[in-house]
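Engineer: Please see the structure below; I have some questions.
The values are calculated or read from the model by the stated rules, or taken from the named source; none is laboratory data. Owing to the predicted nature of the structure, the values given are computational and were not obtained by experimental measurement. Every residue, glycine as well, gets a Cβ built from its backbone with ideal geometry; the counts of neighbours run over all protein chains shown. Heads up: the accessible areas ignore ligands, DNA and RNA and are worked out on the full protein's heavy atoms, side chains in. Shrake-Rupley method; radii C 1.70, N 1.55, O 1.52, S 1.80 Å.
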Amino acid sequence: YGRLNETLNLLNYPTNNELIEKLSHDYIDNLPTFNHLFDGAKEVLEYLYPKYTLHIITNGFEEVQNQKIKNSGLDKYFKTITNSEKSGAKKPNPIIFNHAIEQANASKTNAIMIGDCIDADVIGALDFGMSAIYFNEHFKKVPENIIQINHLIELKKYL
């Protein structure tokens, strides 16, 4: 609701509470139907799944993310899904990483965050004390100390 209201106000679009409420419900209802996967996603998951226990950390809404993961056929690969709604914090806040580690019954020294957002995913994980790999599909310039891949299949080199 807040994001829609702010966006429409910035665009000087005439609005009211009823319109924003309808848009926000429609957005939440329709978002899980967008299930595009990156090229190689299933192949990499099939490779990783027997070797590692996989988990998700997301800033998305619990209801939406769970449905997207299920609709994509990815739910069978992941043991836990940690979201900002349940943890009370968004990446890069260490609270969400700590919540994920606790939920996974894991150790941050034995965990690797793989993410497509340099700040929230990678820097957040590194600051928390976790290893990280940046999925840099757009070939953005990043510091040399950041491990990066440009295609998901490249994870096989590291894991």
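Engineer: With the full set of protein chains in place, find how many percent of the accessible area of the chain is carbon and sulfur; take the probe as 1.4 Å. Write down the numbers at each step before the final one.
Structural biologist: Working: 5250 of 10170 Å².
Percent of accessible area from carbon and sulfur atoms in the chain: 52.
Engineer: If you don't mind, another one. For LYS76, list the lysines whose Cα falls under 17 Å from its own Cα; do not include residues on the same chain fewer than 8 positions away.
Structural biologist: Hits, sequence-local ones excluded: LYS42, LYS51, LYS68.
Engineer: Ok, one more. Taking θ = phi - 60°, what integer Hz values does the Karplus form 6.51 cos²θ - 1.76 cosθ + 1.60 yield along the range 62-78, in sequence order, with x for Gly and Pro?
Structural biologist: For the range 62-78, the Karplus-derived couplings read 3, 4, 5, 5, 4, 5, 4, 5, 5, 4, 7, x, 9, 4, 5, 8, 10 Hz, x marking Gly and Pro.
Engineer: Evaluate the relative contact order of the range 1-110 (contact order divided by residue number), counting alpha-carbon pairs under 8 angstrom at least 6 apart; express in whole percent.
Structural biologist: 21
Engineer: Label THR33 and THR53 with points 7 Å out from Cα along Cα→Cβ: what is the distance between them in nm?
Structural biologist: Label at THR33, label at THR53, 3.7 nm between them.
Engineer: Per-residue ellipticity at 222 nm for the chain, helices alone: DSSP H runs ≥ 4 residues times -39500 (n - 2.57), over residue total, nearest 500 deg cm²/dmol?
Structural biologist: Working: 8 runs with 65 residues, N = 159.
So the calculated ellipticity at 222 nm is -11000 deg cm²/dmol.
Engineer: For the chain, what is one quarter of the convex hull surface built on the Cα atoms, given in nm²?
Structural biologist: About 10.6 nm², averaged over all directions.
Engineer: What whole-number value in Å² describes the accessible area per residue of the chain for a 1.4 Å probe?
Structural biologist: 64
Engineer: Once you sort the root eigenvalues of the Cα gyration tensor of the range 29-115 as a ≥ b ≥ c, which label holds: rounded (a/c under 1.5), prolate (a/b larger than b/c) or oblate (the other case)? Walk me through the numbers before you get to the answer.
Structural biologist: Details: a/c = 2.05, a/b = 1.11, b/c = 1.84.
Taking the square roots of the gyration eigenvalues as a ≥ b ≥ c, the range 29-115 is oblate.
Engineer: Nearest 10 degrees, 0 to 90: what angle lies between the long axis of helix 17-30 and the longest principal axis of the chain (Cα atoms)?
Structural biologist: Once rounded, one gets 30 degrees.
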